[in-house]
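Everything below concerns the one structure shown next.
Nothing in this text is a laboratory measurement; each read-out follows from the coordinates by a stated rule. Just so you know, these numbers come straight off a predicted model, no measurement behind them. Every residue, glycine among them, receives a Cβ derived from its backbone with ideal geometry; neighbour counts consider all protein chains shown.
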């Protein structure tokens, strides 16, 4: 029989956000100086797709030409896919459960000249 643990969605959200905030902080700390950080966040779209694992490569092939399309990146993490898609001409809205990862994505988007007013949205739970 399945036991009901009465876990609240808000508790799960907080736990997940805290975990991924820590991951994002480590990501930024590993980047070193501001110049190192910026160069580590630059994305060469074609090279990045080639270096991705097979399932990401399949996803990009499946999407085809994204120029002019609106794409929602749910769980954007560090924003690499968001920037790749934006560099390929998509209008990307991205969000993550982690406010720190949204910061990383904003930084990556700015460094890659892919920032616009509609590019990033705050985390879903910040709005509710």
Starting with the fewest neighbours, write out 62, 27, 19 ranked by other beta-carbon atoms found within 10 Å of each beta-carbon.
-> 62, 19, 27
Which of the peptides 75-81, 43-49 is most tightly packed, and how do the rest follow, going by the mean number of other Cβ atoms within 10 Å of each residue?
-> 75-81, 43-49
How do 15, 106 line up, fewest other C-beta atoms within 10 Å first?
-> 15, 106
Work out how much length residue 50 to residue 8 would gain on full extension: take 0.36 nm times their residue separation and subtract the Cα-Cα distance, in nm to one decimal.
-> 11.1 nm
Going by C-beta contacts inside 10 Å, put 87, 69, 26 in order with the fewest on the left.
-> 26, 69, 87
